[in-house]
1. I'd like to know if segment 1047-1056 contains one or more residues that are open to solvent by 10 Å² or more (accessible area, probe 1.4 Å), more than 34 Å from the chain's Cα centre (by Cα) and closer than 20 Å to HIS874 by Cα.
2. Within segment 863-880, track down each residue that is crowded, with 16+ Cβ neighbours inside 10 Å and either among the hydroxyl-bearing types (Ser, Thr, Tyr) or part of a helix (DSSP H, G or I) (or both).
3. Just need a number here: residues in segment 88-142 that are outside any helix (DSSP H, G or I), open to solvent by 10 Å² or more (accessible area, probe 1.4 Å) and aliphatic (A, V, I, L, M).
4. Within segment 583-616, work out how many residues are among the charged types (D, E, K, R), open to solvent by less than 70 Å² (accessible area, probe 1.4 Å) and modelled with pLDDT of 95 or more.
5. Working only within segment 389-399, note down all residues that are of a type in the set (D, E, K, R) and at pLDDT below 95.
6. Wholly within segment 750-821, which strands (runs of 3 or more DSSP E) include no fewer than the required count, namely at least 3 residues that are under 24 Å from the mean Cα position of the chain (by Cα)?
7. List the number of the failed condition for SER485; all other conditions in (1) surrounded by 21 or more Cβ atoms within 10 Å (Cβ to Cβ); (2) assigned to a loop (DSSP other than H, G, I, E, B); (3) of a type in the set (Gly, Ala, Ser) hold.
8. Considering segment 44-76 alone, what residues qualify as being over 19 Å from GLY31 (Cβ atoms) and in a strand (DSSP E or B)?
Amino acid sequence: MGSNMYIDLYHVSLYVCVCAVGLTGTKYGCGGGGCGACTVMVSRYDPVEESIHHCAVTACLQPICSLYGAAVVTVEGIGSTRTKLHPVQERIAMAHGSQCGFCTPGMVMSMYTLLRNKPKPSMEDIREALAGNLCRCTGYRPIIDGFKTFCNCCQNGEQRISEELFRVEDFIPLDPTQDLIFPPELILMGKKPDGGQLCFQSERVKWISPALLTDLIQLKAQYTDFPMLVGNATLGFTISLQTCCFPEEKTGTVQGQLSYLKAHSAISFLVTFILSLSLSLSLSLSPLSAGVREVCLNEEFFTGFGKTALRPDEILLAIDIPHSKPWEFISAFRQAQRREFAFSIVNAGMKVVFRDESAVVESLDLYYGGVGPSLVKARNTCKELSGRLWDESLLAEGIRLLKEEISLSPAAPGGRVEYRKSLILSFFFKFYMQMLLELRQRVIFFKGVAVTDVPPENLSALTQYRSELPQGHHTFQMVSDDQSSTDPVGRPRMHQAAFQQATGEAQYYDDIPAVKGELFLSMVTSTRAHAKITSIDASAALAMPGVVTFITAEHVPGQNRRLWFGNIEELFAEEEVICVGQIIGAIVAENRELAKRASCLVTVTYEDVLPVFFTIQEAIEHQSFFEPKRKLERGNVEEGFEQSDHILEGNLYMGGQEHFYMETQGLIAVPGEEAGEMELYVATQHAAYTQEVVGLTLGVDSNKITCHVKRLGGGFGGKVMKIASLSAITATAAYRTGRAVRCVLERGDDMLITSGRHPFLGKYKVGYMDDGTILAADITYYSNGGCTLDESSFIMEKALLHMDNGYKIPHLRGRGFVCRTFLPSYTAFRGFGGPQGLTMIESVLHEVAAKCGLPAHQVREMNMYQSEDSYTHHKQLFSPKDMLRCWSECLEKSDYEQRLLAVQQFNSTNRWRKRGMSIVPMKFGIGFSKGFYNQGAALVNIYKDGSVLVSHGGTEMGQGINTKAIQIASRILNVPMSSIHVKETCTGNVPNAAPSAASFGTDAVGMAVKNACEKLMGRLEPIRKNNPKHTWQQLVVEAYCQKVSLSATGFFMGPHTGVDWKRSEGTAYYYFTFGACCSEVEIDCLTGDHKNIRTDIVMDVGRSLNPALDIGQVEGGFVQGLGLYTIEELQFSPDGALRTRGPSDYKIPALIDIPRTLNTHLLTNAHNPHAIYSSKGIGEPTVFFGCTIFFAIKEAIAAARRERGLSESFNLSSPATAEKIRLACEDTCTTAAFSVKPEPCKPWAIDI
């Protein structure tokens, strides 16, 4: 760590310490231990076992003072490109498991730690090791493909490894003898007799590590109000399940619940379980001579949220877990947003004791968590049910009693009140069924009366979902035999920076070493949604030593306000705030922690202004819309309705989505020495726009502002617009202070300020025939744009342009309204309105099929475009041939017909588990509908040693644009990829570049690189003809000697695109890409939980430039869509404040959420004459395929409702969370949950 390094113990995380010594491979993703990006390995010597224990920890939470005597290994310590890669680093890279690369070091360290503990792990070991590591890019499958090569099962052939994208035999073998040794001095230290108490102290914090129990008791008496820290997750205690000793091993007893608890470990869940065990605690009193007190661990022990009956001077010594009795049964239940690594919404621990060899209840304990400020025991229910026979009358009475005894206010923290009520009853029902099965196995008759049997279809209530690693295979077209073996185009090539990303050497903006005199900036944001600013007082903050300045609108040297398509955008709020999270000012201080603390001391006073509203429905009521309003129409909708057999009206709501790029937004602004120059090292997808906004803000020309972008740790559209404003603010601070300024948004601030995908509401009216043919559809789209326009109008346009998907509806009309509300402005997100536009029409097809009593895939197929020369609803010519091929192949490869029969068979024999399948086609426009963006530029330099440097206007953010640019240059110049380098994106090299967006980056950049390389080869051709035996390097040197320019710019002028909205026509897109996707899911009707069983994707990418990268984009987009449609849910307070501001509240898909089987096929013999080497853009389209999970869930719910005699027409909004699934599967429990009319009050959260 460095003996001369000073650290303020107020912020004592290991991450701070690692960064302080320049180890930037450990990434800061969330600051809350919820993403795994900062994972490192901590090793300790155990003198009792005389062995070394290795543990993967999240550095952002690990107190540095707790590591005395431990060895810490970061990703830099296990291998590097300069020395030698570790096999873990090599395999994740070569298996294409690193895209943006920001999560990769954490993945590497989690796997490395596992291998240190278990050199031959099982698949389950890998799943557990990676459970806490999130990835937003890859979809996880390639990561697992690389890591499972370490498994015995894979080496023995039990698990199939796809060798199509990489060769297993090329991997470095794992040799544990080559791993880092544990420092011998720490072993010697561990063997010494205990050295006594340790004390670390800084200006604000004292950390004491007692060596003996007596020391601890004395400290507790001396410091009664100070926390005791054990573990690294929270202030308090952490229990390790692996170290508990459990006395029984039968199902239904203590040990029988261990695996379930380990898989769903969360401290609140564990507590509800152990409460049901009637445990006793041994408490040591202070002073020690006072003895030991034993207390019963029951609901009275927990006195409130985070509070217990422990006195300040008491210490927990032991927990006594009694042996199970012969007729005692215990069970635990839990439901969360995500099956693993998520806090429970509701959890329960239940115990019943039966009279010997009978079905009569001797005693009953029902404990619930998540239904009050502390744990709740249903005392009255337990009392009333004791002494009764365990039969259906007990079940009915139990449900009635629980409904009356445990109540929740609509304003209860956490919201989801009806859902939580239903879970209380559902868990009791599951417990009832479990015990009924136990009794049936043990007691057939009681007093001549048969114990109630468990119908086979009800057994599904007892099964638990098992977490599994994703498997699958992929297919793609190989290059032709006559293609040169040295030509990399069309071959699966590794991401050009994958090794650097796996070793932590890849540099992101916050990895850049601090500039001398560098300052740090922290934003001051609004806490009101709509209010006048009456005063701003920063005096308390400015009084803090080390705080340099506070900047607001009055300090902007240029323009604080700028026009954006006729709408005013403010950098700093001047007189009025229009959303919670709007930037009012910024504190500039000597370091980041000081800046954060000081920003909290800035006092802003407000005068509230009306109106204030947040939802689409409220905006419609207030007629609050941005201009322009858009409309597209084909045919005559009214005539179509008149000709139809049936008319159906309905709506679909789609919630928003947070980008959750692993690297938060930020930059470093470095003022130049003269003429107002400014260098920005910034995480942006649109460097030219950032340059322009900063120039306007500073009042200087763009030629004085240079933006540098090495790579992004994910972007997904979120780093186009908002980062320009953040850059302008940071540049203003640098301009004002004359010093470099760094701005790095914390995860919560990033989510609050930058917002994400637009929520949409679609209202439709559709006319259709008896056979499912749709004649007319009228769809009105409303999006929640937030408080300023941003890119909302363009996003609405894309939704309208995609409203037909692949269907020829003769009479089709779409209207789009962007709602102005008092929320942070929504912005671009992968798909850019396409998923919302496509999903609405798919919902129409789905509902029409249900009304006609026809399979949805048949109704979809009969309405598809069929003619070779087809026209979209905006009159753009295209051929649906490849879309129809994708559809047919997807039906075949997914074995759709047979599996659909199997789903129906499963549903007929399982009452509480239902399955559903869905298959959809896709037609997705590629390129910008604003034609001026369809351009690209590049600069290619050849040096005398033969090496090549490529610069272009695109941004590398994991999609592999640099890799493909190198492949293209390699083909044209006929030099190996290893001789070509892409350094960075820089506005000083390639000016006026379009944003890296719209799946158009490779199309534009690739053509520009090709153009530049062809120019160079044209210049070299005469020299080559005169010197046919020259090597490449000799050829270059000869050209230099002949004064031939070895530098060339390349430019690509894409086709004109645009739409005449008045005439509803225009060539909106460069071309279309096509695909089809089929998904199967299973739902738990009692809890709303669901499992993604299988997904098959067939995707048209033309002739793939790099199948490995394209398959990664297909799967990564799909998994992001899976989150959009099922898991990811944003929650806002009634005052408009975002509640979900980090991974503890906002859940993106984790490893266990991926379909158990994920198959990806790239359509063969597909061509695209419009793009580079007949390829197609692929970054955005497959997000939409997540809707197959949504519609499959809806099919499963419909099956449940059909069985209960309920209507198959029901509303299900996206995302289809566990809450929505459960409440849609109506039964006795949900009816009881809704039967109590709540008192009017302010809800905890509102539906945006």
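The values are calculated or read from the model by the stated rules, or taken from the named source; none is laboratory data. Computed from a predicted model, the values in this text were never measured in an experiment. Quick reminder, even Gly has a Cβ in these numbers, built from the backbone with ideal geometry, and neighbours come from all protein chains shown. Heads up: the accessible areas ignore ligands, DNA and RNA and are worked out on the full protein's heavy atoms, side chains in. Shrake-Rupley method; radii C 1.70, N 1.55, O 1.52, S 1.80 Å.
1. Yes: one or more hits.
2. The answer is TYR865, SER870, THR872.
3. 1
4. Counting residues in segment 583-616 that are among the charged types (D, E, K, R), open to solvent by less than 70 Å² (accessible area, probe 1.4 Å) and modelled with pLDDT of 95 or more gives 1.
5. Within segment 389-399, ASP391, GLU392 qualify.
6. 774-786
7. In the conditions (1) surrounded by 21 or more Cβ atoms within 10 Å (Cβ to Cβ); (2) assigned to a loop (DSSP other than H, G, I, E, B); (3) of a type in the set (Gly, Ala, Ser), SER485 misses (1) alone.
8. ARG44, TYR45, ASP46, SER51, ILE52, HIS53, HIS54, CYS55, ALA71, VAL73
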